[in-house]
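One structure is given below, encoded as structure tokens.
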Amino acid sequence: VVMRPFVWYWAVALGGLAPPAWGSLQDPVLGYHNMSVKDATAMGGDDGTFLLSFSAFFRDDTTGDFRSHVGAVTTRDWRSFSEPLFLWDGKTGAGAAGTGFDGLCSPNLYEVPAEERKRHSSLPRYVLSFNSWSDDHKRRSEDRLFFVTSDVLTQWKISETQELARGLTDGMRAIDAALAWDGVAQRWIVAWKGTQDGLGTKTRLAFLAGPALSGQGWQFLPDGTSSPTGIPAMTLYDGSPSHTTSENYQFLQRGATWSLVTSDYGDGVPANNRTTWVYDLAPARGGPRDG
């Protein structure tokens, strides 16, 4: 796992902790000889412990199938790490994400602000979202979004996973979810990359009114049409459209302004030269800045 500076910043900012001695660290901070790890998401807890979750790819000991997993470890100094707290494969275990999928990946951690949890006791503290992953398997078209909540940063149960944006991802390959609680509008918001016949691969945005994240009633964000698809106009500051595909989302709130942080992907974008973009979710500005 290679941690870029903005990941360090968010790990500290979200936890409100005194930072470790970042300057003495060297990438990669975490690696394994028997599995490939990527898609890192990190968060700091109240006691100075950081949780690092990631996608882990390795061969199944029983079948030999190459499978993706959602895993997590803890650390206090980013030099030594715990053994994995879990390595969920999507094939076994109870809950919505343990029902025979060929793998799980692309985790994203989110903490609901404390002041919002005081307003709504039903809001969870932490949310971990991810998706099923079947890139080389027959269920590829069924990749779905999932989430699980916890009030303790280091305790998660796959048996408590539920489907995310249920009802909107039918007939769609959905991956790379990020979600957040919008305290002003009193709703959950979620972004993901969706591939659907006739619409291609696009960013999707949706919302769920009220604090009950497990509830039904997800809707695509309005786009001025009678049948919104949740596909936003990804527009540059000069007014021209973005021609790259976005993925690996994260919501960022600055005062009353919400932004969507993405990385680009697609034809013409080399794997070693992908760019981070920040899209303001406001019609008046509505464009990215090179991150």
With r defined as the distance between the Cβ atoms of residue 160 and residue 227 and R0 fixed at 30 Å, what FRET efficiency is calculated, to the nearest 0.05? 0.35
Could you compute the FRET efficiency for residue 66 and residue 265, with r as their C-beta to C-beta distance and R0 at 25 Å, rounded to 0.05? 0.70
Estimated inter-spin distance, residue 278 and residue 257, nm [label 7 Å along Cα→Cβ]: 0.8
Could you compute the FRET efficiency for residue 47 and residue 121, with r as their C-beta to C-beta distance and R0 at 25 Å, rounded to 0.05? 0.65
Here region 122-131 yields Karplus 3J(HN,Hα) values (6.51, -1.76, 1.60; θ = phi - 60°; whole Hz; Gly and Pro given as x) of 7, 6, x, 7, 10, 10, 10, 10, 6, 9
Highest first, please rank the peptides 58-67, 198-207 by the mean number of other Cβ atoms sitting within 10 Å of their residues. 198-207, 58-67
If amide H atoms are built 1.01 Å from N in the plane of the peptide, which residues on other chains or at least 5 residues away come under 5 Å of the amide H of residue 66? 60
Taking 0.36 nm per residue of separation between residue 34 and residue 212 and subtracting their Cα-Cα distance, the length gained on full extension comes to 60.1 nm
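For region 186-243, which whole-number percentage of the solvent-accessible area (1.4 Å probe, protein heavy atoms only) is attributable to carbon and sulfur atoms?
54
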So for the pair residue 182, residue 151, with labels modelled 7 Å out along Cα→Cβ, what separation do we get in nm? 2.8
Could you work out how much longer the chain between residue 57 and residue 114 gets when fully extended? Use 0.36 nm per residue separation minus the Cα distance between them, nm to one decimal. 17.1 nm
Would you check the accessible area of residue 187, probe 1.4 Å, heavy atoms only, in square angstrom rounded to 10? 70
By the mean-Cβ-within-10 Å protection proxy, highest first, 24-36, 157-169, 232-244 rank as 157-169, 232-244, 24-36
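The values are calculated or read from the model by the stated rules, or taken from the named source; none is laboratory data. Bear in mind that the values here come from a model prediction, so they are computed numbers and not experimental data. Note: ideal-geometry Cβ built from the backbone for every residue, glycine included; neighbour counts use all protein chains shown. These accessible areas exclude ligands, DNA and RNA; they are computed on the full protein's heavy atoms, side chains included. Shrake-Rupley method; radii C 1.70, N 1.55, O 1.52, S 1.80 Å.
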